[in-house]
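No lab work stands behind these numbers, since they all come straight from the coordinates. Bear in mind the structure is a predicted one, so any value in this text is a computation, not a measurement. Every residue, glycine among them, receives a Cβ derived from its backbone with ideal geometry; neighbour counts consider all protein chains shown.
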């Protein structure tokens, strides 16, 4: 479940591998990628990569003609970087061959990742809120984004129009750091609690940035305080961590530390 820190780490790796390289071939290896990429495999051939950037959980590969490849990992995507001589990788969904012999492969065991090519001047990004790590994000900005939302704060934080880059895991962790119940009404949070929540987001994402291992591969589990720890003691107060379902997603929290 890659969120902002994992996507940022993947973006930097990809940028190092492809920046200023010419695309020799772009192949869509799965029907879902062929649908989203269409004739982009032909249009990208011969183009040179100028840069790779991230916005929220989205990656943008900017080409020398101003066109852009938009990549979204969804639940389980990632980049595998090697050479064209490497054996075919399991779960390969798309491949990018470069003029220096590098092969970049989009791997995704769940085949949910998307790749699409967009013409110059066309932004492939949906409506997104401020970055969860943006210094400009404060209680006032968050309160304005949550105004009028008649849902609980945890599912509200998963809306990328509220905060970009935060997902199910780190939303739960940020709320634990802030001492806020995931079931608190989003629009009811005052300045003090929202300030704690912004601080909780930053602390959670800073910890993840230092150790951007993938939770789905069993990495980086030690730095998670509540996520997937139902039945275990809270590190802060010793109470038993609970799990509830909100909007079809699992939410983990401490009933004592996060009472309201």
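Most tightly packed first, judged by the mean number of other beta-carbon atoms within 10 Å of their residues, the peptides 19-31, 229-241 read 19-31, 229-241. Taking the square roots of five times each eigenvalue of the Cα gyration tensor of the chain, the equivalent ellipsoid has semi-axes of 37, 20, 15 Å, listed largest first.
Ranked for footprinting exposure by Cβ neighbours inside 10 Å, fewest first, 259, 54, 243, 90 give 90, 259, 243, 54. Its relative contact order, with pairs defined as Cα atoms under 8 Å and 6+ residues apart, puts region 90-161 at 22 percent.
Taking each DSSP H run with n ≥ 4 as -39500 (n - 2.57) and averaging over every residue of the chain yields -8000 deg cm²/dmol at 222 nm. Taking the C-alpha atoms only, the angle from helix 191-210 to the longest principal axis of the chain is near 40 degrees.
Put the Cα centre of region 152-168 next to the Cα centre of region 38-60 and the gap is 26 Å. By the count of neighbouring beta-carbon atoms within 10 Å, fewest first, 176, 79 end up ordered 79, 176. When both region 75-126 and region 228-260 are represented by their alpha-carbon centers, they are found 36 Å apart.
Counting DSSP beta bridges with both partners in the chain, what percentage is antiparallel, nearest 5? Counting only bridges with both partners in the chain, antiparallel ones make up about 100 percent.
Each label was represented as a point 7 Å from its Cα along the Cα-to-Cβ direction; for residue 20 and residue 48 these points are 1.0 nm apart. Relative to the longest principal axis of the chain, what angle (0 to 90°, nearest 10) does the C-alpha long axis of helix 4-18 take? The angle comes out near 20 degrees.
Taking packing as the residue-averaged number of other Cβ atoms within 10 angstrom, the listed peptides 148-160, 180-192 run from highest to lowest as 148-160, 180-192. How far is helix 168-178 tilted, in degrees, relative to the longest principal axis of the Cα atoms in the chain, given as a value from 0 to 90 rounded to the nearest 10? Helix 168-178 and the main axis of the chain meet at about 40 degrees. Each Cα pair under 8 Å and six or more residues apart adds its sequence gap; the mean of these over the residue count of region 139-253 is a relative contact order of 25 percent.
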